[in-house]
Amino acid sequence: MSFDLKCRCGQVHLRLSPARAGIGSHALCYCKDCRAVAKHLGADHMIGPRGRIRVFQTRPDRVTLEAGGEHIACLQLREGGMHRWYAACCNTPLANSFAKPSLPFVALVLGEREDADCLGPVIGVGNAASALPGDGETPKDRGIRRLIWRFLRRTVSGRMVGAAARSPFLQGGAPIAEARVLSDAERRLARG
Ligand SMILES: [Zn+2]
Ligand SMILES: [Zn+2]
């Protein structure tokens, strides 16, 4: 089974395969940076209750680019920060990766998709201190050590199979699109 991730207009199509709980970590992040990316792009539909962003952290060799590579663009909130990949055709956030291309890590930005259940339950919640005020239970951090442990395990297994180089966001070891760093004013505006 695979899990398809498409931008809002449908031109960019990424596929996670096989799509099952064991191949990555389903997580929620409440940090201002993840939220700022969605806000900067005007993709408020990807922001969940209390300002959370739902992601699936996995190895990049498990993600393939099926269509629309020419529309993929990249931004960074600051110099050296995470690469924030998005579909420039309709400004949909797609994924995050480290600026250092040798790390076999990608976090797919899922938004509030109901079918994300096939990726297993949420096992980690991070940066809850930056959650937005709102109704319901106040989110709390949990499972961070588990996320880190899984990240380390994937880094080791990924190094053995050359997973980093097989990222859909790299070609010949270089990013497929140059990252644009937001200006201070843009970042301030997006971080609210
Ligand atoms: Zn699009
Ligand atoms: Zn975050």
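With respect to residue 50, determine if the residue is in contact (Cβ under 8 Å) with a residue 12 or more places away in the chain, within 16 Å of ligand 2 (Cβ to nearest atom) and outside any loop (DSSP other than H, G, I, E, B).
Details: in contact (Cβ under 8 Å) with a residue 12 or more places away in the chain: yes; within 16 Å of ligand 2 (Cβ to nearest atom): yes; outside any loop (DSSP other than H, G, I, E, B): yes.
So residue 50 fits the description; yes.
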*Just one of (1) within 18 Å of residue 131 (Cα to Cα); (2) of a type outside the set (Asp, Glu); (3) modelled with pLDDT under 95 trips up residue 28, so point out which.*
(3)
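When the range 1-40 is examined, which residues are found to be in a loop (DSSP other than H, G, I, E, B) and closer than 16 Å to residue 106 by Cα?
The first filter runs over the range 1-40 and keeps only residues in a loop (DSSP other than H, G, I, E, B), leaving 1-2, 7-12, 17-20, 30-31.
Scanning the range 1-40 gives 17, 18, 19, 20.
May I ask you to verify whether residue 131 is crowded, with 19+ Cβ neighbours inside 10 Å and within 16 Å of ligand 2 (Cβ to nearest atom)? Please lay out each step first, then the result.
Numbers: crowded, with 19+ Cβ neighbours inside 10 Å: yes; within 16 Å of ligand 2 (Cβ to nearest atom): yes.
Taking the combined requirement at face value, the residue satisfies it.
Inside the range 100-114, can you point out the residues that are surrounded by fewer than 18 Cβ atoms within 10 Å (Cβ to Cβ) and in contact (Cβ under 8 Å) with a residue 24 or more places away in the chain? Write out each step before concluding.
Within the range 100-114, the subset surrounded by fewer than 18 Cβ atoms within 10 Å (Cβ to Cβ) is 100-102, 112-114.
If the condition is that a residue be surrounded by fewer than 18 Cβ atoms within 10 Å (Cβ to Cβ) and in contact (Cβ under 8 Å) with a residue 24 or more places away in the chain, then 101, 102, 112, 113 are the ones that fit.
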*Show the residue pairs that are 6+ apart or on different chains and have beta-carbon atoms under 6 Å apart, the first residue being within the range 25-36 and of a type in the set (D, E, K, R), the second being in a helix (DSSP H, G or I).*
32/130; 32/191; 35/51
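The values are calculated or read from the model by the stated rules, or taken from the named source; none is laboratory data. Everything quoted here is computed from the prediction, not taken from an experiment. Note that each Cβ is placed from the backbone with ideal geometry, even for glycine, and that neighbours are counted across all protein chains shown.
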